[in-house]
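The values are calculated or read from the model by the stated rules, or taken from the named source; none is laboratory data. The model shown is predicted, which means the values in this text are computed figures rather than measured ones. Counting neighbours? That spans all protein chains shown, and the Cβs are built from the backbone with ideal geometry, glycine included. Keep in mind that these areas ignore ligands, DNA and RNA; they rest on the heavy atoms of the full protein, side chains included. Shrake-Rupley method; radii C 1.70, N 1.55, O 1.52, S 1.80 Å.
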Amino acid sequence: YLSQLPSRELRSKFASEGITMSKLHNLVDQYEQDVEQGTYIKNGWGRSNYGMSKLAVIVATRIWAKEEAANGISVNCCCPGYCDTDMTSHRGSRPPEEGAKNAVMLATMENIFTGQYFANYEVNDWLET
């Protein structure tokens with residue numbers, strides 16, 4: 001999801017180990033402002049609102065995972081894939097019950113990891129997708 005951003009500077013900000021929820025909110029607010037002003041392409045943002053929302057969720061997951069680690073709580077996010085649901089006007093290739101397996105696997109794993117993006121039944125590298 002990070003690769004959708006043409007701007008190297010923006011990619012660096014989203015991928016920063018030191019990003020906080022406040023910094024993430026500021027980035028999302030800037031994206032919204034740039035979209036409203038019609039300057040988002042010029043300013044290095046991607047063309048997909050959906051993609052940006054997924055990127056923000058993945059980064060928020062990493063932040064919460066760090067914050068909750070001391071409490072023994074694992075925080076991860078998952079993508080069910082392109083499922084045959086109302087949201088996709090039933091054009092998705094994956095049955096909903098297959099998409100739900102991603103979340104069920106995360107909820108029932110032993111020795112769970114934390115701060116990861118899970119898709120297609122495995123940890124995915126959100127920096128490259």
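Working from Cα pairs under 8 Å separated by at least six residues, relative contact order for region 60-129 is 34 percent.
Taken about its Cα centre, the chain carries a charge dipole of about 340 debye when Lys and Arg each add +1 at the Cβ and Asp and Glu each add -1 at the Cβ. With a simple spin-label model that places each label point 7 Å from the Cα along the Cα-to-Cβ direction, the separation between Ser22 and Ala100 comes to 4.1 nm. Among the GluC sites (Glu not before Pro) within region 58-119, those in coil by DSSP and having at most 11 neighbouring Cβ atoms inside 10 Å are Glu110. Heavy-atom accessible surface of the chain, averaged per residue, reaches 61 Å², computed with a 1.4 Å probe. The C-alpha radius of gyration of the chain, expressed as a fraction of 2.2 N^0.38 Å, stands at 1.14.
Rounded to the nearest 20, the Cβ-based charge dipole of region 83-129 about its Cα centre (Lys and Arg +1, Asp and Glu -1) stands at 100 debye. Ignoring lysines fewer than eight residues from Lys101 along the same chain, the ones with Cα atoms less than 26 angstrom from its Cα are Lys54, Lys66. Among the trypsin sites (Lys or Arg not before Pro) in region 1-85, those placed in a DSSP loop whose Cβ has at most 13 other Cβ atoms within 10 Å are Lys42, Arg47. Calculated [222 nm] ellipticity per residue, helices only, for the chain: -14500 deg cm²/dmol; basis is -39500 (n - 2.57) per DSSP H run with n ≥ 4, divided by all residues, nearest 500.
Of the peptides 112-118, 75-81, the ranking by mean beta-carbon count within 10 Å, highest at the top, reads 75-81, 112-118. Note on region 81-129: Cα Rg divided by 2.2 N^0.38 Å, N the number of residues, gives 1.28.
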